[in-house]
Amino acid sequence: MRRPLDPADARLWAIVTSTVRPLPGRTAPKPPPRVEPAREPRERAAARTAGPAPAKRHFPHPPQAIEPKRHRRLAIERELLGGRIDLHGFDQDRARSALTDFVLRSRAEGRRSVLVITGKGALGGGVLRRHVPEWLAAPPLRGAVAGLSEAHRRHGGEGALYVALKRLPDRHG
């Protein structure tokens, strides 16, 4: 995921690209997208005039993506998936409970990666598809999940996730 360039980065990129000459047969680097100055969020402007703002709901950052080489090994089945869970037809409460039990049990059994099938939803905006990454980033799963990535088409594509699990601490130390 790319972040937008801030004005300082855009100026630096403009300096770098102005000094570069393309190789024969190549085109010059394209200029960075224009960055609009940051505007004050509505919440802060409203808070100054209306008093204290309501408490915001905190969404944890999703786990980082699985390393590209590992993702490829999973996709071409060079690295076996330790298990799979299909959440089709589950409501949110049952899905979260089943996901938590499945991931924690899989890690306890020493599995290194699993497949979570969420489905795409009726119009491609499925509730489980949106919430599963948040659930994986929140306690108690945050300590068990090393990363996640969208699955390969043969494993469900946009409607499924590869979930890499952290190793259990070595007890012989």
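Every number in this text was worked out from the coordinates using simple rules, so none of it is lab data. In this text the structure is predicted, and so the values were computed from the model without any measurement. Because the Cβ atoms are built from the backbone with ideal geometry, glycine has one as well, and the counts that use them run over all protein chains shown.
Where the Cα atoms of the range 68-165 are projected onto their three principal axes, how long is each span, largest first, in whole Å?
Its Cα atoms span 32, 28, 17 Å along the three principal axes.
Expressed in nm to one decimal, what extension gain is obtained for the pair Ser97 and Glu77 from 0.36 nm per residue of sequence separation less their Cα-Cα distance? Before the final figure, lay out the partial values.
Details: separation 20, 0.36 × 20 = 7.20 nm, distance 2.80 nm.
Fully extending the segment from Ser97 to Glu77 adds 4.4 nm.
How long is the gain from Thr17 to Arg154 if the chain were fully straight, where each residue apart is worth 0.36 nm and the alpha carbon distance is subtracted?
On the way: separation 137, 0.36 × 137 = 49.32 nm, distance 4.12 nm.
Gain in length upon complete extension: 45.2 nm.
Which FRET efficiency value, to the nearest 0.05, do you get for Arg167 and Asp6 by plugging their Cβ-Cβ distance into 1/(1 + (r/R0)^6) with R0 = 41 Å?
Working: r = 37 Å, r/R0 = 0.91.
Calculated value: 0.65.
Can you list residues whose amide H is under 5 Å from Leu165's amide H, if they're 5+ apart or on another chain and H is modeled 1.01 Å from N?
The list, which skips near neighbours in sequence, is Ser113, Val114, Ala146.
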